[in-house]
Ligand SMILES: [Zn+2]
């Protein structure tokens, strides 16, 4: 069994690690601080219950943290109740598509449906119920280039965060550089792209792809440092062009940044404000990058 972190009213991004720690209870009385303590201290509760979502007569919701002195018996009286959130601070959201075991999914629901709430209880997939207290997810910007669509790294991040039960909550903003738009920064009758996969169409211009090693033409290279190196190897010179490497893009704000770079082949690098993975990173590498970001931004975070 994993040890669980302490939780209080002030715990940021608090998310219980397993559904069964969260019980739901209906109380036919006003959900006030004293009323809740009075109603639940002394009540028997299941050994694994650590939190109680209390639904009141008005459809209102409160959130309790409960403890027992007897940790062995299957059921034992609750000996202490801490009200984590009162009805005025708590939202109850039905979100059938959300996996409530996943902190990022809970945070996404919270920001979308109840951005002002201190506690957001989510009834999600499989009708499981869980909550996030004091949601303040890590803001992650993923730097991408398009086409192709969907952009692979952004898609990998989304797929990982959709299932990551043990990562601090993150919300993702994708900033995609459009290659066709970037190319317009240098006028040319012909553009050379790294590969056909970056299938950008530029009106009135010819397209060539470096990985096909076409015969040399008067072109502008839309590529990364690695493309320039390959060009020099093939043709003996570096042509005019624009750099599309997302690694160097400027991003305002102080959120976390994930980028990819063609120069990295198998390693992940951590710059001052960004984590950089290889172009075409594996899911395992992207997962590792997200862990690094979570560790940097929320070193204290663990499920409660
Ligand atoms: Zn690069």
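The values are calculated or read from the model by the stated rules, or taken from the named source; none is laboratory data. The shown structure was predicted, so the numbers you read here are calculated from the model rather than taken from an experiment. Every residue, glycine among them, receives a Cβ derived from its backbone with ideal geometry; neighbour counts consider all protein chains shown.
Here residue 216 fits the description: more than 21 Å from residue 150 (Cβ to Cβ), in contact with a helix residue (DSSP H, G or I) (Cβ under 9 Å, 6 or more places away or on another chain) and surrounded by fewer than 18 Cβ atoms within 10 Å (Cβ to Cβ).
Of all residues in segment 131-143, one or more are under 25 Å from residue 60 (Cβ atoms) and surrounded by fewer than 22 Cβ atoms within 10 Å (Cβ to Cβ).
Inside segment 106-155, can you point out the residues that are part of a helix (DSSP H, G or I) and either assigned by TED's automatic domain parsing to the domain that holds residue 244 or on the phi > 0 side of the Ramachandran plot (or both)? Those that are part of a helix (DSSP H, G or I) and either assigned by TED's automatic domain parsing to the domain that holds residue 244 or on the phi > 0 side of the Ramachandran plot (or both): 126, 127, 152, 153, 154, 155. Filter segment 252-277 down to the residues that are closer than 12 Å to residue 144 by Cα and more than 12 Å from the ligand (Cβ to nearest atom), then identify the one that is surrounded by the most Cβ atoms within 10 Å (Cβ to Cβ). The qualifying residue surrounded by the most Cβ atoms within 10 Å (Cβ to Cβ) is 258.
If you check 184, 196 for being at pLDDT below 95, surrounded by fewer than 18 Cβ atoms within 10 Å (Cβ to Cβ), touching a helix residue (DSSP H, G or I) at 6+ places or on another chain (Cβ under 8 Å) and within 30 Å of residue 214 (Cα to Cα), only one passes: 196.
For segment 115-128, the tally of residues that are surrounded by 16 or more Cβ atoms within 10 Å (Cβ to Cβ) and either modelled with pLDDT under 95 or over 18 Å from the mean Cα position of the chain (by Cα) (or both) stands at 5.
Hey, among 81, 93, which residue is touching a helix residue (DSSP H, G or I) at 6+ places or on another chain (Cβ under 8 Å), assigned to a strand (DSSP E or B) and within 21 Å of residue 46 (Cβ to Cβ)? The unique qualifying residue is 81.
One residue stands out among those in segment 280-298 that are in a helix (DSSP H, G or I) and in contact with a helix residue (DSSP H, G or I) (Cβ under 8 Å, 6 or more places away or on another chain): the one that is nearest to the ligand (Cβ to nearest atom), which is 286.
For segment 26-40, the criterion of being part of a strand (DSSP E or B), modelled with pLDDT of 95 or more and not assigned by TED's automatic domain parsing to the domain that holds residue 299 is satisfied by at least one residue.
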